[in-house]
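The values are calculated or read from the model by the stated rules, or taken from the named source; none is laboratory data. A quick note: this is a predicted structure, and the numbers were derived from the prediction, not measured. As a convention, Cβ positions derive from the backbone with ideal geometry for all residues, glycine included, and neighbour counts pool all protein chains shown. All accessible areas refer to the heavy atoms of the entire protein, side chains included, with ligands and DNA or RNA removed. Shrake-Rupley method; radii C 1.70, N 1.55, O 1.52, S 1.80 Å.
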Amino acid sequence: MNVIKQMAKVGIGLVASLFLLTGCSKKVEDANLLAGMELVEQYDFQGALEKFDEALLNDEDMQLCYRGQGIAYMGLGNYADAETAFLKSIENAKHTFSVASLEYDINYYLASVYMKQGKYADAEKIYSAIIALRKKDIDAYYLRACAILRQNRYDEAIQDFEKAFSLDTKNLDLVTDAYVEMQAAGYENEGKEYVKKFMKDNDKNLKEQQKGVMYFYLEDYENARIYLDAFINGDDPNISTILGQTYEKLGNMDYAATVYQTYLSSHDPNAGLYNSLGICLMNQAKYTEAIGAFEAGIAMGNSDYLQELRFNLIVAKEYNRDFEQAKNLMKEYLQIYPDDAVAKRENEFLQSR
């Protein structure tokens, strides 16, 4: 079964980070709550949920307990239960005359799970409420544009994208992220024209690597290569990733792997690049080498790519005809990520081998 997981670029995504109750009071009696948040940081979402349940039974901070539950459910891909948890967290907020940073944080999470469930109008309402209180909140404008775009109101979405960019004109990621969102919402042609116009209007101010990145998203891989080739020995892992993917798109898998390996050989380990290298090697049927890349990424420990790396390692083992190891790894994987529908289908296939 030909399944490889690779993290798609989805724009800004979650704005509020998984901070360990930063800025919040940490009572000694909140031991289960704190333990739960530590497990969230370790990507042990199932274990975290058990701790949050204990925390609620122990009458620990309910607002933070339900917030933690919501984050853990999101990690498991259970967005309906995450929504319920975040709503309970909001219900248990400490009422003051001003909106605290924690309330903004929880509302951002709630809006994110609304987006995951296709409840775009609900997400839009939250972002609008944030903007009403924070007139220069870049993230709220950007994310509201994404919600509006999914409701097929293209012109309104563009206004919010433009507002976000006007508040941070040096953040060109906003432009490429906006294009990716337009593409996902069915406005690929309009998005390409938007990026082309931006490049034309800002040509003199754009650096070589910025032009290369934009050409990559415009699927003009030859021009992307021309502008990015000089950065093969650079220090930016994102540029190395895009350069490698450019060569993959051009069909030169060997050189794509060289790009990833060049960065990894001269910089600190990078989970995302190990994942990209592994996928590139998989596409060349170099399964043993791919397994090594995925294992190196996993050995780094917790990262945003850990779930992908674990899944892709299973697939690499399967392609390498090591079915028993693949089955054992899949059993462990599903214990950690029980709601992964793709993995469940892959497991059914594995059981037939």
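Once all protein chains are placed together, VAL180 keeps about 20 Å² accessible to a 1.4 angstrom probe.
Scaled to the globular estimate 2.2 N^0.38 Å, the Cα spread of segment 220-286, given as radius of gyration, is 1.00. Would you work out the relative contact order for the chain, in percent, from Cα pairs under 8 angstrom that are 6 or more residues apart? 12 percent.
In the chain, a dipole from Cβ-located charges (positive for Lys and Arg, negative for Asp and Glu) runs towards its positive end, and of GLN210, VAL342, CYS280 it is GLN210 whose Cα lies farthest in that direction.
Each residue of segment 51-59 was assigned a 3J(HN,Hα) from its phi angle through the Karplus curve 6.51 cos²θ - 1.76 cosθ + 1.60 (θ = phi - 60°); the sequence is 5, 5, 4, 5, 5, 5, 5, 8, 6 Hz, with glycine and proline shown as x.
Which entries in the list LYS88/LYS119; LYS119/LYS327; LYS170/LYS192; LYS170/LYS197 go over 25 Å, if you measure between the two C-alpha atoms of each? Table pairs above 25 Å Cα-Cα are LYS119/LYS327.
Rounded, prolate or oblate, given the Cα gyration tensor of segment 247-309, with a/c below 1.5 counting as rounded? Verdict is prolate for segment 247-309.
Residues considered: ASN233, ASN223, ASN78. Largest GNM mean-square fluctuation over the chain, using C-alpha springs under 10 Å, is found at ASN233. Converting phi to 3J(HN,Hα) with the Karplus coefficients 6.51, -1.76 and 1.60 and the offset θ = phi - 60°, segment 177-182 yields 4, 4, 4, 4, 5, 4 Hz in sequence order, with x at every glycine or proline.
If the viscosity is 1.306 mPa s and the temperature 10 °C, what Stokes-Einstein diffusion coefficient in µm²/s follows for segment 165-252 when Rh is the Kirkwood radius over Cα pairs? Taking Rh from Cα pairs, D becomes 119 µm²/s.
Among the GluC sites (Glu not before Pro) found in segment 156-248, those both in a DSSP coil and sparsely packed, with 16 or fewer other Cβ atoms within 10 Å of their Cβ, are GLU219.
Considering the values [x] 26, 56, 18, 0; [y] 25, 42, 28, 6, 0; [z] 23, 49, 24, 4, 0, which represents P(r) over Cα pairs in 20 Å bins from 0, in percent as calculated for the structure under consideration? Recomputing P(r) over Cα pairs in 20 Å bins from 0, in percent here picks out [x].
Quick one: accessible area per residue over the chain, 1.4 Å probe, rounded to a whole number of Å²?
Per residue, the chain has an accessible area of 49 Å².
Each residue of segment 265-277 was assigned a 3J(HN,Hα) from its phi angle through the Karplus expression (A = 6.51, B = -1.76, C = 1.60, θ = phi - 60°), giving 6, 10, 9, 4, x, 9, 4, x, 6, 4, 5, 5, 4 Hz with x at Gly and Pro.
The mean of 1/r over all pairs of different alpha-carbon atoms in segment 279-337, once inverted, gives a Kirkwood hydrodynamic radius of 11.4 Å.
Expressed as a whole percent, the accessible area of segment 130-223 that falls on carbon and sulfur atoms is 43 (1.4 Å probe).
This model, with +1 at the C-beta of Lys and Arg and -1 at the C-beta of Asp and Glu, gives segment 206-353 a dipole about its Cα centre of some 320 debye. With the whole protein complex present, TYR114 retains an accessible surface near 30 Å², based on a 1.4 Å probe. Rounded to the nearest 20 debye, the dipole size of the chain about its Cα centre is 600 debye, using +1 on the Cβ of Lys and Arg and -1 on the Cβ of Asp and Glu.
Counting only heavy atoms of the protein chains and using a 1.4 Å probe, LYS125 has close to 140 Å² of accessible surface.
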